[in-house]
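Comments concern the structure below.
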Amino acid sequence: MKKALRTLLYAEWLNFKTERSLLLFALLILMAGGYGIYSGHAEIQRQRAKIEHLDHLYQENIAELKTKYADTADAGDIGYYHATFARHMPDSWAALSIGQRDANPYYIKLRLLAVHNQLCSSENTNPDKLATGSFDLAFVLVFLLPLFIVAICFNLFSAEKERGTLALVLSQPVSLSTFLLCKLLFRFGLVMLLVVLLTAAGILFTGAQPDGRVWVWLGATTLYCLFWFGVCYAVIVLKKSSAFNAICLLGVWLLLTIILPVIINVASQIKQPVTEGLALTLKQREQVHAGWDKPKDETFKRFFAHYPQYRNTSPVTGRFAWKWYFAFQELGDRSVESLYQTYLSKLQSRADWANRFSVVSAPATFQVLLNAVGGTDLQAHLAFVKSARQFHHRLKAYYYPFLFNDQPFRHADYNGEPRHVYQAKPDKAAISMALLTLAISTAFVFALAFVIQLFTNPELK
Amino acid sequence: MAFVLEAKNLSKNYQEKQALKPLNLQLQPGEIYSLLGPNGAGKSTTINLFLGFIEPTGGMALINNLEVAKHPVEIKKHLAYIPEQVVLYPNLSGFENLSLLSSLAGFDYRADTLNDFLIRSGLPSEAINKRTGAYSKGMRQKVGIAAALAKRAKVLLLDEPTSGLDPKASNEFSELLLQLSAEGTAVFMATHDIFRAREVSSRIGIMKAGELVHELSSGELDAYELEKLYLNYMHD
């Protein structure tokens with residue numbers, strides 16, 4: 001058995017190295033992977049550079065304000081005109097799986113004004129570009145690698161039968177299952193070689209931290225490849241023609257990588273509609289604008305209920321005062337608080353719903369897993385938004401004493417202003433869940449293949 | 001004497017069609033048995049049953065006293081098979097193909113021994129290291145023969161081995177069969193070639209519609225009489 005395995009593996013190698021089309025395809029996958037790594041790295045580098053440039057903009061803004069306002073400025077002027085930033089720093093693995101980092105904002109410009117509108121606004125991006133997604137290593141592994149597996153496996157049995165070499169080999173003391181196992185093993189080895197090469201190149205080129213995630217990434221990719229080998233095996237054991245196998249496997253690829261994920265996405269939007277985003281923006285806007293027309297006493301009464309420490313602040317006598325302006329901004333935020341919490345929880349529910357149903361599509365599960373490894377999934381974005389909101393609270397905590405205690409804001413006070421950087425982290429819970437789902441999908445597809453094999457005519461002629 | 005190939009009430013049905021009616025047959029070491037019959041008579045079905053490529057509906061096929069259906073891998077250590085069209089891996093040379101097949105059979109031959117097998121089977125020495133994709137049918141047949149020689153099998157199964165071979169190659173093939181027979185290999189051959197069958201066989205069977213309708217020793221009739229007998233059965 002061992003000798004037969006060795007011999008068949010060697011024969012596979014001899015055949016493979018003379019098969020130019022397969023060599024070319026393997027080379028194309030390597031090139032696509034290489035470009036994916038480069039492209040992902042370039043995108044993340046661009047984001048890093050932009051985030052670093054925010055410091056420059058921030059300092060520039062302070063310099064302008066220092067010129068415009070004297071050393072004893074009204075904190076309201078500063079709070080209104082001074083822009084600071086919440087920054088979402090990418091994880092070192094983000095370049096390998098960009099995930100939602102190209103669709104969601106990775107920095108938010110924040111002023112002391114009502115926060116919810118600011119959290120929801122971001123720079124415009126070309127929707128056509130977003131629709132096609134990013135070309136990163138994850139894209140190559142999720143979408144292209146299965147095609148390579150299909151290309152090297154679809155005729156694994158049928159070609160031998162159609163060519164006539166099967167009879168000659170099986171007239172030797174080798175069983176059909178050993179023969180198929182060797183062919184699958186060789187191809188699996190080849191695919192894993194490409195995976196290891198691309199992963200190593202990705203880690204080295206992008207500077208990804210070589211921590212435990214190397215094993216998670218390789219383990220998940222191995223499971224994913226096994227899943228596709230299982231799919232190929234299930235079709236191969238039907239013992240149909242090469243043409244049938246090719247069409248069938250391409251159909252499965254199309255179904256699992258494109259059709260099902262689109263259906264899940266659309267269904268999640270119908271099943272879990274999130275309408276609160278627009279509603280809270282409108283409500284907050286109405287509340288803030290209505291603040292101009294409401295009696296100042298009423299505004300302050302409601303404001304002091306939340307900030308009793310400023311109850312003894314000097315009264316506003318004139319037509320306008322910054323503390324009155326920021327008080328109704330604050331009340332605008334508070335009026336949509338429950339709506340905002342509903343908005344966040346619905347976003348989360350929609351993502352949970354989609355993730356739960358992605359169990360039917362191993363590519364979708366694998367993509368979720370790689371994004372979780374890179375800290376580029378929806379969870380990472382929501383955590384960043386939550387952190388940005390907390391940062392806004394810290395800003396208010398810094399500025400409100402100046403505003404409501406009528407303290408002058410000095411140039412030196414800029415130095416005490418809180419700063420924000422949120423460091424993306426891998427989503428461990430999502431990783432564990434996706435790994436489990438992927439393992440179950442792989443086991444299921446192999447069980448299905450064995451059942452098919454059991455009920456398929458074992459005869460070779 | 002022990003039989004190296006045996007059929008005991010061996011039969012095969014495909015749904016309603018009886019491809020092979022119960023067949024009883026024994027071959028001793030060194031015997032050459034030719035099975036004559038038109039296309040669809042059941043000759044290839046019989047060979048496929050001995051190879052374990054298909055499962056019998058009834059009875060059993062035995063190779064070296066082992067039941068084929070129960071020992072599908074083990075029995076292949078004792079038999080070699082040359083199909084009508086020997087198809088080799090086209091990207092590998094004749095030498096590499098033989099090396100693969102003999103390794104699978106469990107033999108570790110040195111390169112010069114493998115070359116000897118190829119030369120003994122009649123493959124020109126300059127073709128040994130060329131890709132078999134460029135080989136003629138006769139050359140591929142010779143690699144198949146070399147694989148059978150290298151396997152030192154007790155039974156050689158041949159399915160229309162001389163079909164498409166030129167007279168010289170066909171004659172060389174006959175000589176090789178006689179040589180193998182003298183060394184103790186039993187040969188079971190399905191063929192249309194009445195002349196060649198009579199020349200090399202010790203026994204001949206005539207098969208029609210899945211049934212062995214006549215069996216004779218090759219010395220009983222000359223080629224002309226054998227052909228007449230065969231045609232009589234076919235016209236019935």
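Pick from region B:83-104 the residues that are crowded, with 24+ Cβ neighbours inside 10 Å and in contact (Cβ under 8 Å) with a residue 12 or more places away in the chain: which of them is farthest from the other protein chains (Cβ to nearest Cβ)? If we take residues in region B:83-104 being crowded, with 24+ Cβ neighbours inside 10 Å and in contact (Cβ under 8 Å) with a residue 12 or more places away in the chain, then B:G94 is farthest from the other protein chains (Cβ to nearest Cβ). Per the listing B:V4, B:V68, the residue uniquely in contact (Cβ under 8 Å) with a residue 40 or more places away in the chain and of a type in the set (A, V, I, L, M) is B:V4.
From the set of residues in region A:74-112 that are of a type in the set (A, V, I, L, M) and assigned to a helix (DSSP H, G or I), which is surrounded by the fewest Cβ atoms within 10 Å (Cβ to Cβ)?
Looking only at region A:74-112, we keep the residues that are of a type in the set (A, V, I, L, M), and these are A:75, A:78, A:83, A:86, A:89, A:94-96, A:98, A:103, A:108, A:110, A:112.
When the remaining residues are screened for being assigned to a helix (DSSP H, G or I), the result is A:75, A:78, A:94-96.
Values: A:A75: 26, A:I78: 24, A:A94: 29, A:A95: 33, A:L96: 30.
If we take residues in region A:74-112 being of a type in the set (A, V, I, L, M) and assigned to a helix (DSSP H, G or I), then A:I78 is surrounded by the fewest Cβ atoms within 10 Å (Cβ to Cβ).
Among the numbered conditions (1) away from every other protein chain (no Cβ under 11 Å); (2) within 20 Å of B:L92 (Cβ to Cβ); (3) among the polar types (S, T, N, Q), the only one that A:T18 does not meet is (1). For the condition away from chain A (no Cβ under 14 Å) and surrounded by fewer than 20 Cβ atoms within 10 Å (Cβ to Cβ), B:A127 qualifies.
For (1) at pLDDT 95 or above; (2) within 14 Å of chain B (Cβ to nearest Cβ); (3) under 25 Å from A:I44 (Cβ atoms), each residue gets a yes or a no:
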{"position": "A:A151", "(1), (2), (3)": "no, no, no"}
{"position": "A:S177", "(1), (2), (3)": "no, yes, no"}
{"position": "A:L190", "(1), (2), (3)": "no, no, no"}
{"position": "A:V196", "(1), (2), (3)": "yes, no, yes"}
{"position": "A:P210", "(1), (2), (3)": "no, no, yes"}
{"position": "A:A220", "(1), (2), (3)": "yes, no, yes"}
{"position": "A:L226", "(1), (2), (3)": "yes, no, no"}
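For B:L226, are the conditions met, namely being of a type in the set (A, V, I, L, M, F, W, C) and in a helix (DSSP H, G or I)? Considered against the rule, which asks whether it is of a type in the set (A, V, I, L, M, F, W, C) and in a helix (DSSP H, G or I), B:L226 comes out as yes.
For region B:105-139, filtering for residues that are of a type in the set (D, E, K, R), in contact with a strand residue (DSSP E or B) (Cβ under 7 Å, 6 or more places away or on another chain) and touching a residue at least 40 places away in the same chain (Cβ under 8 Å) leaves 1.
Given the options A:D55, A:D71, name the one that is of a type outside the set (F, W, Y), part of a loop (DSSP other than H, G, I, E, B), surrounded by fewer than 18 Cβ atoms within 10 Å (Cβ to Cβ) and away from chain B (no Cβ under 14 Å).
Numbers: A:D55 fails: part of a loop (DSSP other than H, G, I, E, B).
One residue alone meets the criteria, A:D71.
Is it true that A:A83 is without any contact (Cβ under 8 Å) to a residue 40 or more places away in the chain and under 30 Å from A:A220 (Cα atoms)? When the stated conditions are applied, A:A83 does not pass them. Selection of first residues in region A:31-49 that are part of a helix (DSSP H, G or I) and of second residues that are basic (K, R), restricted to Cβ pairs under 9 Å at least 6 apart or on distinct chains, gives the following pairs, ordered by first then second residue: A:E43/A:R101; A:I44/A:R101; A:Q47/A:R101.
Would you check if there is a residue in region B:51-73 being within 12 Å of another protein chain (Cβ to nearest Cβ) and under 30 Å from B:A223 (Cβ atoms)? Yes, region B:51-73 contains at least one residue that is within 12 Å of another protein chain (Cβ to nearest Cβ) and under 30 Å from B:A223 (Cβ atoms).
Scan region B:164-175 and tell me whether some residue there is in the same structural domain as B:N64 (by TED's automatic domain parsing), in contact (Cβ under 8 Å) with a residue 12 or more places away in the chain and touching a His at 6+ places or on another chain (Cβ under 8 Å). Taking every residue of region B:164-175 in turn, none turns out to be in the same structural domain as B:N64 (by TED's automatic domain parsing), in contact (Cβ under 8 Å) with a residue 12 or more places away in the chain and touching a His at 6+ places or on another chain (Cβ under 8 Å).
The values are calculated or read from the model by the stated rules, or taken from the named source; none is laboratory data. Keep in mind that this is a model prediction, so the values were computed, not measured. All Cβ positions, even for glycine, are placed from backbone atoms using ideal geometry, and neighbour counts span all protein chains on display.
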